[in-house]
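The structure appears right after this line, and notes come after that.
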């Protein structure tokens, strides 16, 4: 079946709201074997919305809309869709009673009541986190229309708890995707390593770039999830074999989550000493649930005197080699281990830009050290591109530090 999404809301076009609804829906559709072929965004304009609806119904089996179901005057999705499908809006009594329970102390105004008026014969999708119900109904020529509220906190549970079971009754195939995450090799080099696999049709294999890393998506279509997983498994193993230690996980949320999980499993702790990354590494670690058991402390030691005072970086080292150097990163990593008593210490120092670089030490040069108190490893991140900005250098430097810790904890070469 071919599906299409229309996201409704002028706020999406103005950039005031990030449209995450399409991503949420796309993931669920692919999981249950429905092909999403088109997606667009339309403002709160009945004529333009009607044009988008007419086009969608001419080429897709399923039309899904998000937004425009609320009580305000600009919430016109339901009315426009019903008119386009030749359906009357009728008061859905159960939804009306549900609204009354949600507003027990207020008189039910016409605006609020508007949310309970649905296309005749519609299957109601309950909203357990808001007021506007969603619904599903068929047009005269058998096209399925599904309407969802715009807020992701309302849409996602409605989709998973009510819409997906409704859709599954008509689907016979399942699409399963797995992501092989890679750090330290770019999209182009990895694509070359797996070039022949990219020609496969089922499973399909496709490389994608992320911020400072990449992943390979392996997707299979089969009669059930187990069969699709079994089709993906040998392809995933072959990708891991070819790409080697640069693969850090399959279906892994992030490097920081992987590192926190590894530290927890090994009952080890970590501490960070950061200069150019300004505490970003510490933030990414402590963003993860369970990090309180493994994270000791983090120091942002921007000034040289702070590197000396807190971390014990020798004044002579800073004088001879500078703050951005192999020797300083090594001393920072060793110093934070001594200061915190953590099992692993990380030191990061570099030039994030856009200013501050020199021919000898250009923007993007970053040194990253990790130490366990006995052994210390230091890696130099060389400038990747003059086009990369300050945020990129900081983010990727923190990612590189996490990858070094990942390698240390799994017994791999820390620097490769």
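Read-outs throughout are calculated quantities, based only on the coordinates presented, and are distinct from any laboratory measurement. None of the values given here were measured: they were computed from a predicted structure. Glycine gets a Cβ as well: all are built from the backbone with ideal geometry, and neighbour counts include every protein chain shown.
Output the relative contact order of region 1-109, whole-number percent, from Cα pairs under 8 angstrom with separation of 6+ residues.
31
With 10 Å bins beginning at zero, the pair-distance distribution over Cα atoms of the chain amounts to 4, 18, 21, 19, 18, 13, 6, 1, 0 %.
Contact order, relative form, for the chain: 10 percent (alpha carbon pairs under 8 Å, 6 or more residues apart, mean separation divided by residue count). What the Cα atoms of region 174-250 give is an Rg and a Dmax of 11.9, 36 Å. From the Kirkwood radius over Cα pairs of region 255-409, Stokes-Einstein at 25 °C and 0.890 mPa s returns a whole-number translational diffusion coefficient of 162 µm²/s.
Enclosing the Cα atoms of region 220-306 in their convex hull gives a volume equal to 142 cubic angstrom per residue.
Between 281, 55, 167, where does the largest GNM mean-square fluctuation fall for the chain, given springs only between Cα atoms within less than 10 Å? Fluctuation is largest for 55. Put in order of Cβ neighbour count within 10 Å, fewest first, the listed residues 250, 174 become 250, 174.
Taking the number of other C-beta atoms within 10 Å as the exposure measure, put 340, 292, 7 in order starting with the fewest.
Working: 340 20, 292 9, 7 24.
Least to most surrounded, the residues fall as 292, 340, 7.
On a 0 to 90° scale, report how tilted helix 93-102 is relative to the longest principal axis of the chain, with both axes built from alpha carbons and the result rounded to the nearest 10. The answer is roughly 50 degrees.
Sort 10, 349 by Cβ crowding within 10 Å, fewest neighbours at the top. Numbers along the way, then the final one.
Numbers: 10 15, 349 30.
The most exposed by this proxy come first: 10, 349.
Relative to the longest principal axis of the Cα atoms of the chain, helix 255-266 runs at roughly 70 degrees.
What value does region 100-141 have for Rg/Rh, both radii from Cα atoms and Rh as Kirkwood defines it?
Details: Rg = 12.4 Å, Rh = 11.8 Å.
Value, to two decimals: 1.05.
Taking every alpha-carbon pair in region 2-168 and binning the separations at 5 Å intervals from zero gives 1, 9, 19, 23, 23, 15, 7, 2, 1, 0 percent. If I fit a long axis through the Cα atoms of helix 225-243 and take the longest principal axis of the Cα atoms of the chain, what angle between them do I get, 0 to 90°, rounded to 10? It works out to around 30 degrees.
Computed over the chain with a Gaussian network model linking Cα atoms closer than 10 Å, the most mobile of 240, 93, 210 is 93.
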